[in-house]
Amino acid sequence: MMHYLSIQDIDSLAQWVKEAKALKESPKAFKKLGKGKTICLLFFNNSLRTRLSTQKAASNLGLEVMVMNFGSEGWALEYEDGSIMDQGTSEHIKEAAQVVAQFCDIVAIRAFASLSDKEKDEAELVINGFKKYATIPVVNMESSVGHPLQALADAITMAENKTKERPKVVLSWAPHPKALPHAVANSFTEMMLKQEADFVITHPKGYELNPEITKEAKIEYDQNKALENADFVYVKNWSSYADYGKVVNQDKNWMMTKEKLRNAKFMHCLPVRRNVIVEDAVLDSDQSLVIEQANNRTYAAQIVLKKILNSLGS
Ligand code: CP
């Protein structure tokens with residue numbers, strides 16, 4: 001049985017991107033593949049793109065779709081083994097996951113990081129709980145540490161827009177008034193380390209991502225230097241990893257501007273705060289790929305679901 005929990009579940013990124021691009025050409029070509037099967041989308045957090053694109057991808061493959069806003073409509077779940085449930089939680093993941101699995105063939109889950117307990121966040125209690133007890137394929141629609149559907153869509157978008165075999169790609173931190181998770185930056189980094197590119201991460205000191213994820217990636221603290229000769233600039237805010245979940249610097253000078261971007265293509269996963277993360281002049285220019293990225297979320301989800309359906313057989 002196949003799960004899609006992280007970018008590391010992709011055996012060949014180039015092949016998956018190629019197959020996703022083919023699905024984009026003929027989205028309904030495998031309409032019979034999901035016939036008689038159901039996917040359940042469970043949202044513990046808000047979404048626009050992930051919800052609509054995953055639903056669209058499932059529909060293109062002939063799957064029935066059930067959607068539940070678990071965070072606001074479901075029972076508060078307990079994850080600890082042997083816990084005495086006399087406090088705030090009403091249902092154990094053991095029962096909840098097995099019950100969900102009775103109603104569907106695949107479950108996709110969005111469950112963000114709390115940013116208050118690094119150990120619990122990294123244990124991925126929701127996703128791993130479903131993986132352990134649901135006994136059906138699990139798809140990560142953004143968890144505490146990763147957003148692999150977004151990163152796959154980003155890989156498709158770069159493949160469609162690159163003009164050289166080894167582009168320079170910069171992941172640049174930007175200021176944000178709230179503490180945001182590391183999931184998008186983590187999966188984007190993991191995805192970039194799987195392909196040919198001159199990849200640079202730039203951020204103020206104190207915003208180093210998990211070194212187990214960045215591995216050999218180049219880190220440049222001088223944003224202007226990092227942006228020199230860039231082909232793609234991916235902008236994203238994240239909170240501190242070392243001082244877990246804290247906003248240690250809100251330096252507005254890190255906002256992306258047209259002047260700093262020069263001739264590079266601009267990327268962001270959305271939603272984006274205009275004139276905080278990036279100025280209007282960038283988003284409203286033809287250098288911005290953000291709408292294409294959002295469109296490619298469908299084909300990223302579709303190639304993942306197609307491979308899972310193939311692994312399930314008829
Ligand atoms: N990029 C992304 O995952 O968008 P949503 O949070 O709207 O799903």
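Table for the structure above
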| read-out | value |
| --- | --- |
| For the chain, the longest site-free run once GluC sites (Glu not before Pro) in DSSP loop states with at most 13 other Cβ atoms within 10 Å are removed | 229-314 |
| Local electrostatic count at Glu279 - Lys and Arg +1, Asp and Glu -1, tallied over other residues with Cβ under 10 Å | 0 |
| Dipole magnitude of segment 20-166, debye to nearest 20 (Cβ charges: Lys/Arg +1, Asp/Glu -1, about Cα centre) | 1220 debye |
| Radius 11 Å from Cβ of Glu212, net charge of other residues (Lys, Arg +1; Asp, Glu -1) | -1 |
| Value of relative contact order over segment 149-293, rounded to a whole percent, pairs C-alpha under 8 Å and six or more apart | 28 percent |
| Percent RCO, i.e. relative contact order, over the chain, from Cα pairs under 8 Å lying at least 6 residues apart | 21 percent |
| Sparsely packed trypsin sites (Lys or Arg not before Pro) within segment 198-259, loop by DSSP, other Cβ within 10 Å at most 14 | Lys205, Lys215, Lys246 |
| Point-to-point label distance, Leu48-Asp81, nm (Cα→Cβ direction, 7 Å offset) | 4.3 nm |
| Span from the segment 246-310 Cα centroid across to the segment 97-162 one, whole angstrom | 21 Å |
| Helix-only mean residue ellipticity at 222 nm for the chain, each DSSP H run of n ≥ 4 adding -39500 (n - 2.57), per residue, nearest 500 | -11000 deg cm²/dmol |
| Signed unit charges on C-beta, dipole axis of segment 267-314, positive-most listed residue Tyr299, Ser285, Gly313 | Gly313 |
| Across Lys178/Lys252; Lys178/Lys205; Lys131/Lys236; Lys118/Lys307; Lys168/Lys215; Lys120/Lys215, pairs whose alpha-carbon gap is larger than 24 Å | Lys131/Lys236; Lys118/Lys307 |
| Simple spin-label estimate for Ile291 and Thr135 in nanometres, 7 Å along Cα-Cβ | 4.8 nm |
| Point-charge dipole on Cβ atoms (K/R +1, D/E -1) for the chain, about Cα centre, debye to 20 | 1120 debye |
| Förster radius 25 Å - calculated FRET efficiency between Ser114 and Glu165, Cβ distance, rounded to 0.05 | 0.05 |
| Only Lys, Arg (+1) and Asp, Glu (-1) charged, at Cβ; segment 149-293 dipole about Cα centre in debye | 240 debye |
| Net +/- balance of residues flanking Leu227 in space, Cβ distance below 15 Å, scoring K and R +1, D and E -1 | +1 |
| Mean Kyte hydropathy of -1.0 or more with a Cα span along the axis of at least 27 Å, helices from DSSP in the chain | 290-312 |
| Positive-end residue of Val67, Ala96, Gly82, charge dipole of segment 55-97 with Cβ unit charges | Val67 |
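Any read-out appearing in this document is the output of simple, stated calculations on the displayed coordinates, not a laboratory observation. Since the model is a prediction, treat every value here as computed from it, not as a measurement. Note that we place each Cβ from the backbone using ideal geometry, even for glycine, and neighbour counts take in every protein chain shown.
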